[in-house]
Structures are given as structure tokens and as C-alpha cells.
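A.B. asks: One structure, pasted below without further comment.
Read-outs: derived from the displayed coordinates by stated rules, not from any lab. Predicted model only: the values in this text are computed from it and were never measured. Backbone-built Cβ (ideal geometry, glycine too); neighbour counts: all protein chains shown.
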Amino acid sequence: MSSIGIIVFILLLAAVVWLQLQRDFIRGLSCAMFIWVSMTTFLRIDLPGSLPELTIHRLLLILVLIAWIRKGGMAKLASVPLLGYFAFWAMANLVSLAGTQIDFVISLKRVLDFVLEVFAAYIITATSLKTREDVLRVLRAAWLGLLVVAVFAVIERYTGFNPVDRYIPGYAREDVQFRDILSTFQHRILLGTALAMGVPLSFLPLRSRKRVDEGGAVFWGTLSLLVAGCYFSFSRGPWLGLALAFVILAFLGSTKIRSRLAIIGVIAGLILVVRPGVLETIGGFAKDTADTDSFKGGTFQYRLELWRVAASEVSKSAWTMLFGYGPGAGSVMEIERELSYRGRYQKIESWDNHFAYALFQSGYVGLLATLVLYLKALVPMLIAARNPGNPNRELQACLFAAAFVQVWMMTNVLVFAKQLDYLFWTLVASGFVLSSRAEFSRSPSAAPMPEHESGNDVEPSLSDVDCPQCKLTALSK
């Protein structure tokens, strides 16, 4: 696709989202969410000079922000959960930006991408979702976006076709030799993370209520797509994250969820018997992880070693100890350290530990702000999922399982995909809405999940995505 074609496509998506926002804000937000989760960040318009590129994610966020302000969203700021913790985290990054040790423009772009945009998106979502139905509409769009990503991953695995490779001009893979499965993501591990997060969402009542699917064929079909896409990332982190999500659902979920998990276990066992190559792949990865002399065992130790590297680097001055080297410093600074498990010096080329990277780029103040923010985001969902008096506890269990996957992955990869940030903070905002006093007392919309009462599943339908262009995009893919 030509550059002009890309611009036209971006503007078309933006126009559709804007029209939906004018008719029904939640419908427009759902449409934007579908695109935020499913579209690559390489879908963008390059601006002149040192100006940051206008990605489809940033453009849609600007439009949603304008519509939110016009509908009086600013008046609700005081009621935003986590506002103080978010402000502390943002301020720590802004102070780090003010004293950055690298090019200011690089640090500024990093703050725009992964601090201010995330902050704005969370505030908009947290103040806009009012009811259980609002939550389900937005989560439905995100879930369908992940299904699109999963479909592309499966297609890429068996045909080699990747839409970003094919249609985005100027995009060049970093893994030309190995041809990792990427779908619309920038890295296979981040792809696996997103699809692992999508699996718990499949247990939510996101499918259409117009037609009942007695056999649960749609549930099992969509779940299989997400699991297959996660497997095709061929990364231990997302696999283990998915396993942890299943464990969480087994402990916090209903009898219906646990029965489905038992069936999943039986199916997984049959697959391992019929396809022994799958077991060999997983077993090989586990064996290599335990062997520090192997490549994969080395990468496992490397993620732990990054804590020591970051702590050593920031201790060189009082400023860097407090506020680090500046946002984005790890992408441009060259560091060579002796790795304890190898006994030799090695160049630090990849920060495969998000929290260690937070320490390096924003110091101990930034690390503290990051840890507190994510802890405060997760714990309320866990408490709500364990509260027997919460009519939405089943939904909270699924939200917590999905959100936990990303926090787990942040211990062994740098999360630099916009899709994941939008998804994670939407889950967090949804959790707070479902735990609100108003939602607790609401009836009958706050009743427990319909599937658990009837034992029936319902078939997903693109008609449930509140955005005509989203339907068209999903079908045309």
C-alpha cells in the first residue's frame, strides 16, 4: 500500500470513530478500542522534523479526548480511581525527563508514548464507563480485536502472510532470518502476551445473546484461536502466563469455569499424545531454561541479571539514583557489563525486564511509582473477585487473570506495545466500575454472569461491536 493509501485508510478509520463518538460515546470508545488492540503501531503518518509520528493509536486518542471533554469529562476527574498514584508515576517520569542524560527529543517521545497517552486513555475510560453493560461493550470490542490478531497469527504460521509486512511501507522486520510469528505486533513475545490475556476474557459474557449456542462451539473455537496464537509465539513467558491465568481462574472462578478448565486439561493431554512434537518443544524449552550455558537458559538468567545492572548503573550519581538516566535511555545508551552467570563482559542490548528498565530510566523514585501503581491496580480486582457479596465477582476473576498476565510478563520482557497498554488499563478501569457501590446495587444488570446460570454459551457476533467500520475491518481481514 502506498503512503497516500495509508493516510487515506487512517483518516477513514478516524472519521468512522469520530462519527460513532458523536452518536454514542461508549459506541465510539468501543470502536476505538477494537482498533487500539488490533492495529499495528506502524500504521502512522510521519510528521516533519522532530515531531512525533501520528500513529493510529495517538490520532484516535486525540479524537476520543476531544469528545470526552465536550461531554463534560473534565468535571469527573476527582472521582478517578488511582488518580494520585497515576499522577505520582507521571510526575516521576516528567522529572526524569527534565534531567534526561540522552537526547531530550528521544525522551520526550518516550513520555508521550508510554506515560501521557496511557494516563489520558485510563482517565477517559475510568470516567466514561458507568455500568456493567458499558464495561462489556468495551471489553467485547477489545476481545474481538484480539481475535483478529489471533487469526492473523494462525494464518501467518501456515502461510507466511503478515499484513504489516505486506501493506505497511517502510516497515522492516528485525527477525528476517527466523521469521517469528508477529501478526500485528512488534515482537513475538508481546504477541503471545496479548493472546494469553485474551483467553480469560473468553470466559466473559461477550458473545451475542440473540442466539444460544448449546454446544459452546463458538466459545471453544475462539478459545482455540487465542491459545494457538499464543503457542505460535514460541515463547516461554506467555505460555507460563497463560498457565498462571488458568490457575487463577481455577481458584477464583465458578463451577462452570472450573468444569471448562477441566475439559481444556483433557484436550491438552490428548493433543500432547496425538502431537508428541508439541510436548518435545515445551520440554526442550524447559530443559534449556534450566541450563545456563544454553541460549534460552542464558536469557532466563539475563532477565534476573538486569536488576544488578540497573542498580549498578543508577548508583553512579545522586540524580540517577533518584530519577535515572531519562525515559528511553536504554534504547540509546551502550552498556557493557560482566554477567555473573557467564563470567564475561557482554553488551546490554535488550532490557528484557520492564521493572529493571524502570529503575534504569527513572531511578528508584520511578521504580517505586511503577510498582505501587501496578500493585494498586491489581489488588482491588483480586479482592473483588474473592468477595462473595460482589455480584460481578466472576467478571472480576476473569479481569484479574487477564491483567495478571501482563504484570507477570513485565518481569521478563519490556512491554513496548501500545496495544497491551490500552488493553491493560481498560481492564483496570473496568474492574473499578464493576466494584463501585452503584454497580453493586444495580439490578438486574449487575446479576451474575448469564452463562453460569443457564449453563449455555452464546454465539459471538460482529454485530456486538458498536462500530460499523470495526465489523468491516474484521470481516475484510
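A.B. asks: Can you tell me the Rg and Dmax of region 350-436, counting just the alpha carbons, in angstroms?
C.D. replies: According to the Cα coordinates of region 350-436, Rg and Dmax are 14.0, 45 Å.
A.B. asks: Ranked highest first by the average count of other Cβ atoms within 10 Å around their residues, in what order do 350-356, 199-205 fall? Write down the numbers at each step before the final one.
C.D. replies: Values: 350-356: 20.7, 199-205: 23.9.
Descending packing order for the listed peptides: 199-205, 350-356.
A.B. asks: Related question: With each pseudo-label sitting 7 Å past Cα toward Cβ, what's the Thr411-Arg308 distance in nm, one decimal?
C.D. replies: Once both label points are built, they end up 1.9 nm from each other.
A.B. asks: In nm, to one decimal, how far is the modelled label at Glu133 from the one at Ile69, with both set 7 Å along Cα→Cβ?
C.D. replies: Taking the simple label geometry, Glu133 and Ile69 are separated by 3.1 nm.
A.B. asks: How much length is gained if the chain between Leu77 and Arg258 is pulled fully straight, taking 0.36 nm per residue apart and subtracting their Cα-Cα distance, in nm to one decimal?
C.D. replies: Between Leu77 and Arg258, full extension yields an extra 61.3 nm.
A.B. asks: Next up: Assuming 0.36 nm per residue, please report the length gained on full extension of the stretch Ile62 to Arg337 beyond their Cα-Cα distance.
C.D. replies: Extending this stretch completely gives an extra 94.8 nm.
A.B. asks: Between Val274 and Ala87, 0.36 nm times their residue separation minus their Cα-Cα distance comes to what?
C.D. replies: 62.1 nm
A.B. asks: List, in order, the whole-Hz ³J(HN,Hα) value for each residue of region 329-337 obtained from phi through the Karplus relation with A = 6.51, B = -1.76, C = 1.60 and θ = phi - 60°; use x for Gly and Pro.
C.D. replies: Once rounded to whole Hz, the list reads 4, x, 7, 10, 7, 9, 10, 10, 10.
A.B. asks: Short version: ³J(HN,Hα) in whole Hz for each residue of region 300-311, in order, from phi by Karplus 6.51 cos²θ - 1.76 cosθ + 1.60 (θ = phi - 60°), x for Gly and Pro, what are they?
C.D. replies: Along region 300-311, the couplings run 5, 5, 4, 4, 6, 5, 4, 4, 5, 4, 4, 5 Hz.
A.B. asks: Karplus couplings for region 386-391 from phi (6.51 cos²θ - 1.76 cosθ + 1.60, θ = phi - 60°), rounded to Hz, Gly and Pro as x?
C.D. replies: Values per residue, Gly and Pro as x: 9, 7, x, x, 8, x Hz.
A.B. asks: Could you please rank Glu349, Glu133, placing first whichever residue has the fewest other Cβ atoms within 10 Å of its Cβ? Don't skip to the answer; put the middle values down first.
C.D. replies: Details: Glu349 9, Glu133 13.
Going from sparsest to densest Cβ surroundings: Glu349, Glu133.
A.B. asks: Mind sorting Asp113, Asp165 by how few other Cβ atoms lie within 10 Å of their own Cβ, fewest first?
C.D. replies: Ascending Cβ contact count within 10 Å gives the list Asp165, Asp113.
A.B. asks: So what's the net charge close to Ala397: Lys and Arg +1, Asp and Glu -1, counting the other residues with Cβ under 12 Å from its Cβ?
C.D. replies: Numbers: positive: Lys256, Arg258, Arg386, Arg393; negative: Glu394.
Result for the local shell: +3.
A.B. asks: Efficiency by 1/(1 + (r/R0)^6): what FRET value for Ala217 and Met1, r their Cβ-Cβ distance, R0 = 41 Å, to the nearest 0.05? Mind showing how you got there, number by number?
C.D. replies: Numbers: r = 35 Å, r/R0 = 0.86.
With a Förster radius of 41 Å, E is 0.70.
A.B. asks: How far apart, in nm, are the 7 Å Cα→Cβ label points at Val105 and Leu11?
C.D. replies: 2.6
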